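Below is one structure, written out as structure tokens; the observations come after it.
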Amino acid sequence: VVLPAGTALARIFFRGGDFPVRWNEFRHFGPGGSRFDHHRPDADGNPITQTRGILYAAGKGRLSSLAVCAAEVFQLSRIINCSRGDPWFVIFVTTRELRLLDLTGAWTTRAGASAAIATGPKARARLWSRNVYEAFPEVDGLAYRSSMGGNEPAFALYERCRDALPTAPSFHRALSDPALMAPLVAAAHAIGYRILLG
């Protein structure tokens, strides 16, 4: 699937904590616990910092992109913690088209998997992502449905598409910013999560 240049994508990222990043930075430490990390572990199976990087984002759907991002990022506790790790919400517009492997259609079946790749065991999905990354060097990442965010459009972007990110975001606020409180409350209500401010 091709996302055209000018597509708005959103993410929640952490400016603090163990692995802080900037709004446009890919996470090069991995594999972590996220579904489509394509990083290779070290010889002992541990995550390491490497050239492979990943950035998870949400697209436009019926739910707000803030709700989808919050559903994914805070899925373990189902509490949107606005202070731990200094979480920020960003919307950015791509500067070139992105060629993504579409995991929402029949390709997964033809390739020997199923739609469960986006809902089943994450370790298996990470293996698929590694193999996709190596088998399809022209692919910028994966398009899938968010299992936590109501099957809304979601994307795992490989570091190959770093040049598709703009120099500045369209929207960039801390989750604790009062200007974001009304949409955050609406997002939390939509997904049934609680909000923890401090």
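Within the range 157-178, being open to solvent by less than 70 Å² (accessible area, probe 1.4 Å) and either modelled with pLDDT under 95 or of a type in the set (K, R) (or both) holds for one residue alone: R160.
Of all residues in the range 152-192, which are aliphatic (A, V, I, L, M) and within 13 Å of A57 (Cα to Cα)? Spell out how you get there, then give the answer.
As a first pass, look at the range 152-192 and keep what is aliphatic (A, V, I, L, M): 154, 156-157, 164-165, 168, 174-175, 179-182, 184-188, 190-191.
Scanning the range 152-192 gives A154, A156, L157, L165.
All conditions in (1) modelled with pLDDT of 95 or more; (2) in a loop (DSSP other than H, G, I, E, B); (3) out of contact with any Asp or Glu (no Cβ under 9 Å at 6 or more places or on another chain); (4) over 28 Å from T95 (Cβ atoms) hold for G120, with the sole exception of (1).
Considering every residue within the range 62-85, establish whether at least one is on the phi < 0 side of the Ramachandran plot and without any contact (Cβ under 8 Å) to a residue 24 or more places away in the chain. Within the range 62-85 (the criterion being on the phi < 0 side of the Ramachandran plot and without any contact (Cβ under 8 Å) to a residue 24 or more places away in the chain), the answer is yes, since at least one residue qualifies. In the range 160-171, the residues that are of a type in the set (F, W, Y) reach residues that are open to solvent by 40 Å² or more (accessible area, probe 1.4 Å) with C-beta atoms within less than 7 angstrom, at least six apart or across chains, in these pairs: F171/I91.
Considering only the range 66-82, I want to know if a residue exists there that is at pLDDT below 95, basic (K, R) and under 28 Å from L184 (Cα atoms). Looking through the range 66-82, none of the residues is at pLDDT below 95, basic (K, R) and under 28 Å from L184 (Cα atoms).
With respect to (1) part of a loop (DSSP other than H, G, I, E, B); (2) within 17 Å of the chain's Cα centre (by Cα); (3) at pLDDT 95 or above, the lone exception for H28 is condition (1).
Given the options T109, T95, name the one that is more than 22 Å from R40 (Cα to Cα), in contact (Cβ under 8 Å) with a residue 60 or more places away in the chain, hydroxyl-bearing (S, T, Y) and open to solvent by 30 Å² or more (accessible area, probe 1.4 Å). Talk me through it step by step, then tell me what you get.
On the way: T109 fails: in contact (Cβ under 8 Å) with a residue 60 or more places away in the chain.
Result: T95 is the single residue among T109, T95 that is more than 22 Å from R40 (Cα to Cα), in contact (Cβ under 8 Å) with a residue 60 or more places away in the chain, hydroxyl-bearing (S, T, Y) and open to solvent by 30 Å² or more (accessible area, probe 1.4 Å).
Just the residues that are surrounded by fewer than 16 Cβ atoms within 10 Å (Cβ to Cβ) and outside any strand (DSSP E or B), please, taken from the range 1-18. If the condition is that a residue be surrounded by fewer than 16 Cβ atoms within 10 Å (Cβ to Cβ) and outside any strand (DSSP E or B), then V1, P4, A5, G6, R15, G16, G17, D18 are the ones that fit.
Return yes or no: is G85 at pLDDT below 95 and either part of a loop (DSSP other than H, G, I, E, B) or hydroxyl-bearing (S, T, Y) (or both)? Criteria not met by G85.
Scanning the range 157-196 for residues that are in contact with a strand residue (DSSP E or B) (Cβ under 7 Å, 6 or more places away or on another chain), under 29 Å from T95 (Cα atoms) and among the hydrophobic types (A, V, I, L, M, F, W, C) gives L157, C161, A164, L165, F171, A174, L175, A179, L180, L184.
Does G53 meet the test of being in a loop (DSSP other than H, G, I, E, B), touching an Asp or Glu at 6+ places or on another chain (Cβ under 7 Å), small (G, A, S) and open to solvent by less than 60 Å² (accessible area, probe 1.4 Å)? No. Among the residues of the range 156-175, write down those that are farther than 18 Å from C69 by Cβ, among the hydroxyl-bearing types (S, T, Y) and in a loop (DSSP other than H, G, I, E, B). T167, the sole residue that qualifies.
Of the residues making up the range 179-191, those that are surrounded by fewer than 13 Cβ atoms within 10 Å (Cβ to Cβ) and either under 29 Å from P31 (Cβ atoms) or not small (G, A, S) (or both) are V185, H189.
The values are calculated or read from the model by the stated rules, or taken from the named source; none is laboratory data. Because the structure is a prediction, the values reported are computed rather than measured. In this analysis, Cβ positions are derived from the backbone assuming ideal geometry, glycine residues included, and neighbour counts consider all displayed protein chains. These area figures cover heavy atoms from the full protein model, side chains too; ligands, DNA and RNA do not enter into them. Shrake-Rupley method; radii C 1.70, N 1.55, O 1.52, S 1.80 Å.
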